[in-house]
Amino acid sequence: MSRLVIVSNRVPVPDKTGAASAGGLAVALQAALEKRGGIWMGWSGNSSDTEEPGPLALQQQGNITYALTDLTGKDVEEYYYGFANRVLWPICHYRLDLAEYGRKEMAGYFRVNRFFAQRLMPLIEPDDTIWVHDYHLIPLAAELRQMGLKNKIGFFLHIPWPPADVLYAMPVHEEIMRGLASYDLVGFQTDHDLENFAGCLRREEMGDAIGPKLFRANDRTFKGGAYGISIETEAFAKFARKASAHNMVSKARASLENRDLIIGVDRLDYSKGITQRIDAFEKFITSNPVHQGKVTYLQITPKSRSEVPEYEQMQRMVAEQAGRVNGALGAVDWVPIRYINKSVSRPILAGLYRIAKVGLVTPLRDGMNLVAKEYIAAQDPENPGVLVLSRFAGAARELKGALLVNPYDIEGTANAIARGLNMPLEERQQRWQIMMDFLMENDVMRWCDDFLKDLLED
Ligand code: GDG
């Protein structure tokens, strides 16, 4: 079995006790690495300011070598905050209006990818299989190929892939497409993303599909596929069952005073549709007065990328909006929205999912959305809650028992909340079972195996 080399922007290095801090994705990739032996390389998250970064920091844990590099302050600014998060992230989430192109940032993005390739190259053995993750590192294979690397290289994109009209608004789209065409397998979350990718290849006659899931572009033949990422379903379900007895969860339950709980959990990000969701909740209360005073909407929203101005602005906007709605709708003994702008621990999160009657997952655009899957896995089979899910999340292609909504349609989402809260037990159980069966079969281990199988197969 060939060794596996994983490259991603950030690396979930287990702490000293050996416990991984991150969720299912890290667990699945660590299991794959442990089985095959290998390396996980990425950015340490630290800046060396104006100094050249020192040598790779190597850390061996079992069969896995973690290899971390610092980046200069200029690299972090241009590659990470600049091109990755202010151009590729908005473009891939269909937000042309938020993309801020700058030659400097584009150059920084390609420069850092070359730097990653230079640092990785000496670690690679001829039989190694390389698996690159996400939008930060699209040009990595092209850089490695230019250095003469012949190994199999796969790429998985965790976020959506846009249609040609959106992608082509980005000045360097050709280089980005050529970058993707340098892999042996390009994996997307859904068939829609894969179709968009094929459309992007065709539009300027850069390439085309030449068979099922087979493409030709840039004088190379490579595979493409849809691999919906998932969670550790069984483990998460057990975890949530135990977590519901957690002290903090019991306290939260008591503080609800028999009110129904609606839960939203998202990194603070404009793609998650949080402001539209608060509008929908407000609409739900004003059009369904019987629920006044009887329901609590808990929105857990840890800060992310606060250095990017759009995120900083959003942080203010959401806090103000939650305050305004509470002011307008609340009563002396009722706060309709509880808004938490920091991260809560995983056991508490799992326990809260379990006691929530509605899981409100309404991104404007999302690659997959693992919160939707965690919410389902966390439910009590005897009394499951209802998932209200945006049709624009990748998860909507898979979770057929959810109430699908268009998050731009505030009234429609408000109606779905009402329908979810009033849904009879039998229908809730039927809908939940369809989704739980799907998630038990399609967990994150399966996702990992399917991708690696297609990458390794000739
Ligand atoms: C990207 C793509 C794709 C959130 N708040 C807390 C917390 N979380 C955890 C959730 C979940 C994860 O963070 C978020 O994952 P999502 O999939 O929902 O969203 P992104 O972060 O945008 O992830 C997405 C994903 O990559 C994987 O490919 O699905 O489409 O955008 O696991 O539980 N965890 C804790 N406290 C919090 O407050 N402990």
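One decimal place: the segment residue 292-residue 191 gains 32.2 nm when fully extended, by the rule 0.36 nm per residue minus the C-alpha distance.
All other residues whose Cβ lies under 15 angstrom from that of residue 104 are scored, Lys and Arg at +1 and Asp and Glu at -1, for a net of -1.
Judged by the mean number of other Cβ atoms found within 10 Å, the most tightly packed of the peptides 1-7, 209-215 leads the ranking 1-7, 209-215.
Derived scalar couplings between HN and Hα for the range 331-348 equal 10, 3, 10, 8, 10, x, 10, 9, 10, 10, 9, 8, 6, 10, 6, 4, x, 5 Hz in order, rounded to whole Hz, by the Karplus curve 6.51 cos²θ - 1.76 cosθ + 1.60 (θ = phi - 60°), x for Gly and Pro.
Remark on residue 190: its backbone amide H falls under 5 Å from those of 227, a criterion applied only to residues 5 or more positions apart or on other chains, H modelled at 1.01 Å from N. Fraction of C-alpha pairs exceeding 27 angstrom in the range 234-441: 24 percent, rounded to a whole number.
When the charge dipole of the range 91-226 is built from unit charges on Cβ atoms (+1 for Lys and Arg, -1 for Asp and Glu) and taken about the Cα centre, the candidate among 140, 212, 161 whose Cα reaches farthest toward its positive end is 140. Between residue 338 and 297, 298, 299, the built amide H atoms are under 5 Å apart, and every one of these is 5 or more places off in sequence or on another chain.
If you wrap the Cα atoms of the range 128-270 in a convex hull and average its projected area over all directions, you get 12.8 nm². Positive contributions from Lys and Arg (+1) and negative ones from Asp and Glu (-1), summed over other residues with Cβ under 12 Å from the Cβ of residue 334, come out at +1. Under 28 Å Cα-Cα from residue 283, which lysines qualify once same-chain neighbours fewer than 8 residues away are excluded? List returned: 272, 294, 303, 342, 357, 373, 400. Over the chain, the Kirkwood radius and the radius of gyration, each from Cα atoms, give a ratio Rg/Rh of 0.97. Amide H contacts for residue 405 (H built 1.01 Å from N in the peptide plane; partners 5 or more residues away or on another chain; cut-off under 5 Å): 389, 390, 391.
No value in this document is a laboratory result; all are computed from the given coordinates. Computed from a prediction, not measured in an experiment: that's the story for all the values here. When we count neighbours, we look across all protein chains shown, and the Cβ atoms used for this are built from the backbone with ideal geometry, even at glycine.
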